[in-house]
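K.L.:
Input: one structure, supplied below.
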Amino acid sequence: MPGKVRYNQLTEFEKRKYLGEFYDMVLLLGSREEAKKFFKDLLTLSEVVMISRRIQIAKMLLEGRNYEEIRKELKVGANTITHVERWLNNGFGGYKEIIKRHEKKKTKDAKKYDNFPAAPFSLTHIRRKYPLHFLLLNLLTKK
């Protein structure tokens, strides 16, 4: 009988097969661009937004923000926040792990870009490009 398939109606074999293949395919995504294309083909825009907002809710909860702040900023219901908080605290640790890893990567990327000057032909840029020309000045101003 065609229609919506419910998780409870699947056999253990079907659950392992379908979910296993899905997770394996997600692991094969090698770049942000590949992930973007894959999920654009797989999910509706509404589904992507719903998932993205859940992630934002989890991040805000981990930052210590309260329900009211989250509700106002993201325009979500208290039930959605409650569900995310339940998954965050009583789930398998996936939210926390990935959010922590993402924050670490953002921090690392920010530090990497801190070394680049804002203007390409600024004095800082030229001093870094030609360090021997500014050897004395670089030694005097080294932190």
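Read-outs throughout are calculated quantities, based only on the coordinates presented, and are distinct from any laboratory measurement. If you're wondering where the values come from, they're calculated on a predicted model, not measured in any experiment. Here the Cβ positions follow ideal geometry from the backbone for every residue, glycine too, while neighbour counts run over all protein chains shown.
K.L.:
Is it fair to say E33 is farther than 22 Å from N90 by Cβ and surrounded by 11 or more Cβ atoms within 10 Å (Cβ to Cβ)? Give the steps one after another, and end with the answer.
P.N.:
Values: farther than 22 Å from N90 by Cβ: yes; surrounded by 11 or more Cβ atoms within 10 Å (Cβ to Cβ): no.
Against the criterion (farther than 22 Å from N90 by Cβ and surrounded by 11 or more Cβ atoms within 10 Å (Cβ to Cβ)), E33 does not qualify.
K.L.:
Sticking with this one: Please report, ordered by residue number, the helices (runs of 4 or more DSSP H) entirely within the stretch 43-125 with at least 3 residues that are of a type in the set (A, V, I, L, M), within 17 Å of the chain's Cα centre (by Cα) and surrounded by 12 or more Cβ atoms within 10 Å (Cβ to Cβ).
P.N.:
45-62
K.L.:
Scan the stretch 57-65 and give yes if some residue there is closer than 24 Å to R32 by Cα and not hydrophobic (A, V, I, L, M, F, W, C), otherwise no.
P.N.:
Among the residues of the stretch 57-65, at least one is closer than 24 Å to R32 by Cα and not hydrophobic (A, V, I, L, M, F, W, C), which makes the answer yes.
K.L.:
Listed residues E34, E68, E47, E21; which is without any contact (Cβ under 8 Å) to a residue 24 or more places away in the chain and over 23 Å from E97 (Cβ atoms)? Let's see the steps before the verdict.
P.N.:
Values: E34 fails: over 23 Å from E97 (Cβ atoms); E47 fails: over 23 Å from E97 (Cβ atoms); E21 fails: over 23 Å from E97 (Cβ atoms).
Answer to the selection: E68.
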